[in-house]
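Working notes for the structure below.
The values are calculated or read from the model by the stated rules, or taken from the named source; none is laboratory data. This one's a predicted model, so the numbers in the text were calculated from it and none came from an experiment. Don't worry about glycine lacking a Cβ; one is built from the backbone with ideal geometry, like all the others, and counts go over all protein chains shown. Just the protein is used for accessible areas: all its heavy atoms, side chains included, with ligands, DNA and RNA removed. Shrake-Rupley method; radii C 1.70, N 1.55, O 1.52, S 1.80 Å.
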Amino acid sequence: MTTSYCTKKTMTALSVLSVLSMPAIATAIDQTEVKYGGYVKLDAIWSDFSDGSLGGDSIGRDFYVPGTTPVSSTTAADAVFDMHARQSRFNLATNTKLDDGSEIKTKVELDFIASTGGNERVTNSYSPRLRQAFITYKGWLFGQAWSNFQNVAALPETLDFVGPAEGTVFVRQAMVKYSIGNWSFSAENPESTVTTADSGRVETDDASMPDFTARYTYNADWGHFVIAALARQLTYKVANIDETESSFGVSASARVNFGKNNLKFMLTQGQGLGRYVGLNVANGAVFDGNDLHAIDSTSGFISYQHHWNEQFRSTFLYSFFSADNDESLFSITGNPTKSTHSYSANLLYSPAKQLTFGIEYKVATRDTEANIDGDLNRLQLSAKYVF
């Protein structure tokens, strides 16, 4: 939720403009609506790892990241406790009405969840990071926003930052997008993640063209259904090596309403999807010394939210990811993730519409091609106020 208001600074500017007799500029400012919104959230997280634990600076301690779940055949179980307010965020948005009846909108959003800096010894200071920054005008979007390949409206309500982390498309990046009717098309920033013989992951920024997406949304009284397609180029250019591989994917998702309750799901399949699914639990391709080989994957989730009454509600969630790794490339890829899945359930209590307290329990398993797996049991308590 956001609240529209006219700031004291804006009012002062209008007063000055009035004194200076500049009606044209004053009118332009007067036609711009400014909104400020966001939320403050505290998370208390107890994590029990079956095979060792993550370091204190690992992002997997702040929220569930499937690729970080430790796997080992020798390390003992370990439990850790964390508490932070890093998911808190704020945004500024503007809406300017033009003389021809059209509108120019902007949005800038920041949070602290994956930022650098700070420590837990004294001040717990963390740098803000850019989530979104975009302009919309007559169906066009210019800037950084959620990928057109992703359906944000299908994400279930969870205490965990992402929720169905291994099963959802989850990408924000710079793009140019055009929407018309139920259709939207985009050209987005490219980036490849490649496995090589001497490195678990190489991030390359050598693509000669953007990533392309197309999406169709069907809205109905019962909810909505989305089908999205992705086409992009995977690259690996080092020294005298210049290799490319094509990547294609399709994702279907929906929200189905049953009165106040709802069912949400997503199913995504493709070749070389890499960073687009599972928070990059698998790379897009493997370089075997001569050629690039795209990694096929299938992922998805299903969730059901039930409202017990006006104040209590619960979300039940299952999420999965599976990679079709080429066994002949094991000497190159080492021990990649074969599959990962998780279950979670929560109970949320809202004594007021914008205030929510909750408890959530998650069980997750990561399995590698060497048949070594690791489990995570996580209990999370949260308090959140949306303004």
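Of LYS35/LYS384; LYS41/LYS177; LYS338/LYS384, which pairs sit farther than 27 Å apart, going by alpha carbon to alpha carbon? Each step should come with its number before you reach the end.
Numbers: LYS35/LYS384 20 Å; LYS41/LYS177 31 Å; LYS338/LYS384 35 Å.
Flagged as over cut-off: LYS41/LYS177; LYS338/LYS384.
Mind checking which lysines have their Cα closer than 18 Å to the Cα of LYS260? Skip sequence neighbours fewer than 8 apart in that chain.
LYS353
At 1.4 Å probe size, put TYR126, TYR385, TYR64 in order of accessible surface, largest to smallest.
Numbers: TYR126 55, TYR385 105, TYR64 5 Å².
Result, largest first: TYR385, TYR126, TYR64.
Work out the FRET efficiency for THR75 and TYR137 from their Cβ-Cβ distance, taking R0 = 51 Å, and round it to the nearest 0.05. Can you show the working numbers first?
Values: r = 54 Å, r/R0 = 1.06.
Efficiency at R0 = 51 Å is approximately 0.40.
Each residue of segment 226-241 in order: what ³J(HN,Hα) in whole Hz does its phi give by Karplus 6.51 cos²θ - 1.76 cosθ + 1.60, θ = phi - 60°, with x for Gly and Pro?
10, 10, 10, 10, 10, 9, 7, 10, 8, 9, 8, 10, 9, 6, 9, 8
Could you give the longest part of the chain that holds none of the GluC sites (Glu not before Pro) found in DSSP loops with at most 13 neighbouring Cβ atoms within 10 Å?
By the stated rule (loop sites, at most 13 other Cβ atoms within 10 Å), 121-309.
Tell me the Kirkwood radius of segment 60-217: reciprocal of the mean inverse pair distance over distinct alpha-carbon atoms, in Å.
Values: mean 1/r = 0.0528 Å⁻¹.
Averaging 1/r across every pair of different Cα atoms and inverting gives 18.9 Å.
Over the chain, one equal point on each Cα, no solvent: what is log10 I(q)/I(0) by the Debye formula at q = 0.07, 0.08, 0.13 Å⁻¹?
Scattering profile of the chain, log10 relative to I(0): -0.37, -0.48, -1.22.
For a quick check of your reading of the filter: which chymotrypsin sites (Phe, Trp or Tyr not before Pro) in segment 165-268 sit in a DSSP loop and have no more than 14 other Cβ atoms within 10 Å?
On the way: sites: PHE170, TYR178, TRP183, PHE185, PHE212, TYR216, TYR218, TRP222, PHE225, TYR236, PHE248, PHE258, PHE265; in loops: PHE170, TRP222.
Those satisfying the criteria are TRP222.
Given segment 236-302, report the % of alpha carbon pairs whose separation exceeds 21 Å. Don't skip to the end; give the middle numbers.
Numbers: 888 of 2211 pairs.
In whole percent, the share of Cα-Cα pairs in segment 236-302 beyond 21 Å is 40.
Which value at 222 nm does the chain reach when only helices count, each DSSP H run of 4 or more adding -39,500 (n - 2.57), with the total divided by all residues and rounded to the nearest 500 deg cm²/dmol? Could you put the intermediate results ahead of the total?
On the way: 3 runs with 24 residues, N = 387.
After summing the helix terms and dividing by residue count, I get -1500 deg cm²/dmol.
At a Förster radius of 25 Å, what calculated FRET efficiency corresponds to the Cβ-Cβ distance of ASN95 and ILE59, to the nearest 0.05?
On the way: r = 34 Å, r/R0 = 1.37.
Step by step, r from the Cβ atoms, then E = 0.15.
If you wrap a convex hull around the Cα atoms of segment 29-85, how much volume per residue is inside, in Å³? If you can, show how the numbers build up before the last one.
On the way: hull volume 6.0 nm³, N = 57.
About 104 Å³ per residue, rounded to a whole number.
Using a cut-off of 12 Å between beta-carbons, work out the net charge of the residues near GLY37 (Lys and Arg +1, Asp and Glu -1, GLY37 not included). Please report the intermediate quantities before stating the final value.
Working: positive: LYS35, ARG89, LYS107; negative: GLU109.
Within the 12 Å Cβ shell, the charges total +2.
Largest first, how would ILE295, ILE104 line up by accessible area (1.4 Å probe)?
Details: ILE295 15, ILE104 60 Å².
Highest to lowest solvent-accessible surface, that is ILE104, ILE295.
In 10 Å bins starting at 0, how do the alpha-carbon pair distances of segment 255-348 split up by percent?
Calculated over all Cα pairs of segment 255-348, the distribution is 15, 36, 23, 16, 8, 2, 0 percent.
Using DSSP loop states and a limit of at most 14 other Cβ atoms within 10 Å to flag trypsin sites (Lys or Arg not before Pro), what is the longest stretch of the chain containing no flagged site?
Numbers: sites that count: ARG121, LYS138, LYS260, LYS353.
In short, 139-259.
For segment 64-131, with equal point scatterers placed on the C-alpha atoms only and solvent neglected, what are the log10 I(q)/I(0) values from the Debye formula at q = 0.13 1/Å, to two decimals?
Once normalised to I(0) and log-transformed, intensities are -0.64.
Averaging the inverse of every distinct alpha carbon separation and then flipping it gives the Kirkwood radius. What is it for segment 161-311, in angstrom units?
Values: mean 1/r = 0.0592 Å⁻¹.
So the Kirkwood estimate lands at 16.9 Å.
So for segment 342-387, what are the equivalent ellipsoid semi-axes in whole Å, largest first, each being the square root of 5 times an eigenvalue of the Cα gyration tensor?
Details: eigenvalues 216, 15, 10 Å².
Value: 33, 9, 7 Å, ordered largest first.
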